[in-house]
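Trainee: Below you'll find the structure I mean.
Nothing in this text is a laboratory measurement; each read-out follows from the coordinates by a stated rule. Source: prediction; values computed, not measured. Ideal geometry is used to build each Cβ from the backbone, glycine not excepted, and the neighbour counts take in all protein chains shown.
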């Protein structure tokens with residue numbers, strides 16, 4: 001074989017037909033069966049599915065939040081079915097002119113029955129740990145003006161009251177109020193509920 005004939009045979013092998021090269025034919029067929037347009041379409045479908053998944057998750061989370069809010073509101077409404085007694089009290093004046101003025105109210109849906117009232121305070125000013133004791137005394141009906149114990153307090157109503165002659169109520173209480181100590185007043189209902197308020201001091 002001459003050089004010229006060998007070169008011609010090599011050139012013909014470069015241009016062989018697909019029938020003579022099944023692998024090349026299959027490769028060409030595979031490439032033609034998956035055009036770029038189909039790949040783009042598949043990508044768009046994937047993004048749509050992912051977006052739908054996030055929408056479903058967001059809807060589920062929103063439904064859960066609404067359910068929790070509904071549960072919380074039901075709990076609040078259930079607690080307000082009975083009496084809800086609230087109290088505030090302020091101490092004014094000095095010496096024999098010292099008195100406690102306050103208001104007791106029932107914001108619930110049922111009437112309340114107040115049985116008793118109690119003062120609580122410490123035997124020494126705040127910060128004096130040594131020898132400090134917790135003291136208390138019951139508030140008798142003789143020293144309350146405006147209301148009488150036991151008290152029937154209808155729903156959605158309130159009444160003003162005043163406590164005078166604090167030295168007669170308890171001398172230690174009068175001293176604690178004079179020293180501006182922490183003093184609390186607690187009213188108790190027949191069902192055992194308590195309405196407690198820290199005595200505020202007028203300037």
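Trainee: Hey, among 135, 151, which residue is over 24 Å from residue 82 (Cβ atoms) and over 33 Å from the mean Cα position of the chain (by Cα)?
Mentor: Sole residue among the options that is over 24 Å from residue 82 (Cβ atoms) and over 33 Å from the mean Cα position of the chain (by Cα): 135.
Trainee: In addition: Please tell me if residue 185 is surrounded by 15 or more Cβ atoms within 10 Å (Cβ to Cβ), part of a strand (DSSP E or B) and in contact with a strand residue (DSSP E or B) (Cβ under 8 Å, 6 or more places away or on another chain).
Mentor: Taking the combined requirement at face value, the residue satisfies it.
Trainee: Let me ask you something else. Is it the case that residue 158 is part of a helix (DSSP H, G or I), touching a residue at least 40 places away in the same chain (Cβ under 8 Å) and either under 22 Å from residue 86 (Cβ atoms) or touching a strand residue (DSSP E or B) at 6+ places or on another chain (Cβ under 7 Å) (or both)?
Mentor: Considered against the rule, which asks whether it is part of a helix (DSSP H, G or I), touching a residue at least 40 places away in the same chain (Cβ under 8 Å) and either under 22 Å from residue 86 (Cβ atoms) or touching a strand residue (DSSP E or B) at 6+ places or on another chain (Cβ under 7 Å) (or both), residue 158 comes out as no.
Trainee: Can you pull out the residues in region 167-181 that are over 40 Å from the mean Cα position of the chain (by Cα) and in contact (Cβ under 8 Å) with a residue 60 or more places away in the chain?
Mentor: The answer is 167, and nothing else.
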